[in-house]
Amino acid sequence: MSRYVLVASTQDLAGITIYDYLKNEEGFAPDGDSPKHRGMTLHMTEESLLTLEDLDEVYRDALAFVFLSKHRSDSGIPTLTCHCTGNFSDAPFGGNPGEIAIAWPGLQKAYLKAITRAKVPGYDVIIEATHHGPTSLGKPVLFVELGSSEKEWANKTAASAMCRCILSALQNVQPCKKVGVAIGGTHYPTKFNKLLLESEFGLAAVASKHNLGAIDEPMLGQMIKKSSERVTHVVLDPKGLGSHKDRITKMAEKTGLEVMKV
């Protein structure tokens, strides 16, 4: 039984680096299981990770999919990120327009805390706001990413730390006592990152200020629904809501969930 599927792509150098570590150092068979890590399967595809909308047809018994991916940014700063996936409006990078994938708040929190504790030299650690595909898988999706340039994508030290942290997180994940959907701030939301590290909160979908125009009641409802753990709060970054502040605050209050501001 493949409870958790770790997914890499031949198109993705960081994914190849992470895949090789799992195969060579953690006992995973190529496109197969690891006797050392029961219930986990390693999957290599030749397709883009962003368009794998049929994986749950291949792994019908999977409980979650963890995508092992490169991270690219204009700054080129060495960075380790993680995030759930989804598109608040259009879909330029895979997935379906206006569709949010299922998040697993406890897993993201466990991985973020582990990779932060690992203190990989020279690397920043941060969550990202929800973006890109795949969006329609029937089980939770988490992207863990190594960035932000080709030099880092081939960095075996960082890749090995990521592997140890994701394997540990999958083996020790706990439900979050509080779960929020988060709205506001930048694509790299430092306030929400701090919330995950320093409180009981986990987060499902995170909408940055760039997507606020697409946050209406149906979208907010989808963000709340698409979580493997029950959402208890709408978490707002008021300074990061701009001209949408009043509208989104009222919308959050109408959900009946607790509204928390950071």
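A few remarks follow.
- If the condition is being aliphatic (A, V, I, L, M) and either surrounded by fewer than 24 Cβ atoms within 10 Å (Cβ to Cβ) or not assigned by TED's automatic domain parsing to the domain that holds Glu150 (or both), then the range 74-109 contributes Ile77, Ala91, Ile102.
- The range 41-53 residues that are within 16 Å of Leu137 (Cα to Cα), paired with ones that are of a type in the set (D, E, K, R) (beta carbon under 7 Å, 6 or more apart): His43/Asp31; Leu49/Asp12
- Scan of the range 37-57 for residues that are small (Gly, Ala, Ser) and under 14 Å from Leu68 (Cβ atoms), ordered by number: Ser48
- Filtered residues of the range 125-158 (kept if over 16 Å from the mean Cα position of the chain (by Cα) and either under 18 Å from Ser227 (Cβ atoms) or outside any loop (DSSP other than H, G, I, E, B) (or both)): Ser148, Glu150, Lys151, Glu152, Trp153, Lys156, Thr157, Ala158
- Selection status of Thr116, surrounded by 18 or more Cβ atoms within 10 Å (Cβ to Cβ) and polar (S, T, N, Q): no
- Qualifying residue in the range 30-39 (condition: out of contact with any His (no Cβ under 7 Å at 6 or more places or on another chain) and closer than 23 Å to Lys151 by Cα): no
- Any chance Lys209 is out of contact with any Phe, Trp or Tyr (no Cβ under 6 Å at 6 or more places or on another chain) and in the same structural domain as Val231 (by TED's automatic domain parsing): yes
- Of the helices (runs of 4 or more DSSP H) lying entirely inside the range 5-123, those containing at least 1 residues that are under 18 Å from the mean Cα position of the chain (by Cα) and small (Gly, Ala, Ser) span 13-25, 105-118.
The values are calculated or read from the model by the stated rules, or taken from the named source; none is laboratory data. Model, not experiment: these values are computed from the prediction. Note that each Cβ is placed from the backbone with ideal geometry, even for glycine, and that neighbours are counted across all protein chains shown.
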